[in-house]
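Chemist: Please find one structure pasted underneath; my questions will follow.
Each reported figure results from applying straightforward, stated rules to the coordinates on display, with no laboratory input. If you're wondering where the values come from, they're calculated on a predicted model, not measured in any experiment. As a convention, Cβ positions derive from the backbone with ideal geometry for all residues, glycine included, and neighbour counts pool all protein chains shown.
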Amino acid sequence: MPTKPATKPAAPAPRTKRETPAGSLSSVTSALQLMKVYSVEETELGISALAKELGVAKSTAHRLAVTLAAEGFLEQNPDNGRYRLGLALFELGTLVRRRMDVSTLGLPLLGALRDTTQEAIHLAMLAQSDIVYLYNLESSQAVGTRSYLGMRKPAFCTSEGRVLLAFGPPEQAAAVVKESGAARTPNTITDSKALARLLDEVRQNGYAVDDEESEIGMRGLAAPVRDATGRVIAAVGLSAPMQRLTKKDLRKLVPQVVGTADGISARMGYRVR
């Protein structure tokens, strides 16, 4: 097994309770919010923790958990009684990924990029103010990045997120920049004006970088993937430990990452100039 760098992951941002939209079913909303409580850091939770996260009584949290477990969306650990996400979610997730042509069409090119660079390669999409990793092809190097598959990260401080914000709707980028969260590392840029200038540079350059801004000790590079209409729908990213990926090395890898993103765009029907 590859040895991972001993870096402490950033603490997850505090969760904020969302208002229930008018006309929605409160019970369904509560069930969905319960499943969203889980994260990479919290894979199993007891009833007390679930109730606290949702801001509901323990009896309510218990009924929600039992109902979701009966349908396969949660599983109860028989050893400690805590609940974890169930296989029904995985099954639905595979259906979602199958309809995402970009992930299917892009996999061979992502694999080729990983084999050529010997570094971790990602494919990410924007989800509100975060990015979600659809693919994570791990590095074969002895020291590499941890798996990001399915994980969310703030868009404003990741190379993939910056690409998606820079080439996405201006109003969305402005909103995310305005409400950028707390710094994840000492290098994270949180000033809204500085972030806006940074996104302008991304548009001009056609790619984005992350220099220890989302995770200490890691550098990243990303380029946009477009659909047939020219809309940016995903980002191809590369990441590696900074001791192996110097700033000079990062610049040398730009043509390969951009070329891979362009290749996927071409498969999506976009006419790359």
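Chemist: Going by how many other beta carbons lie within 10 Å of each one, how would you line up ILE121, ILE131, fewest first? It would help to have the intermediate numbers written out before the result.
Modeler: Working: ILE121 25, ILE131 31.
The fewest-first ordering by Cβ neighbours comes to ILE121, ILE131.
Chemist: Further, regarding this structure: Here are some pairs, LYS153/LYS193; LYS36/LYS153; LYS52/LYS178; LYS153/LYS178; which of them have Cα atoms lying more than 23 Å apart in this structure?
Modeler: Details: LYS153/LYS193 21 Å; LYS36/LYS153 14 Å; LYS52/LYS178 29 Å; LYS153/LYS178 17 Å.
From LYS153/LYS193; LYS36/LYS153; LYS52/LYS178; LYS153/LYS178, over 23 Å: LYS52/LYS178.
Chemist: Sticking with this one: Going by how many other Cβ atoms sit within 10 Å of their own, how do ASP200, ASP130 line up, fewest first?
Modeler: Numbers: ASP200 11, ASP130 19.
In order of increasing Cβ crowding within 10 Å: ASP200, ASP130.
Chemist: Sort 110-118, 243-251 for me by packing, meaning the mean count of neighbouring Cβ atoms within 10 Å per residue, highest on top.
Modeler: Details: 110-118: 16.8, 243-251: 13.4.
Output ranking for 110-118, 243-251: 110-118, 243-251.
Chemist: Students often check this: by mean Cβ neighbours within 10 Å, which of 216-224, 73-81 ranks highest, and how do the rest follow?
Modeler: 216-224, 73-81
Chemist: Would you work out if the stretch 26-92 is rounded, prolate or oblate? Take a ≥ b ≥ c from the square roots of the eigenvalues of the alpha-carbon gyration tensor; rounded if a/c is under 1.5, else prolate when a/b is larger than b/c, oblate otherwise.
Modeler: Details: a/c = 1.38, a/b = 1.15, b/c = 1.20.
Rounded shape, in that the Cα axes give a/c under 1.5.
Chemist: Amide H to amide H under 5 Å from ILE131: which residues, 5+ apart in sequence or cross-chain, H placed 1.01 Å off N in plane?
Modeler: Correct list: LYS153, ALA155.
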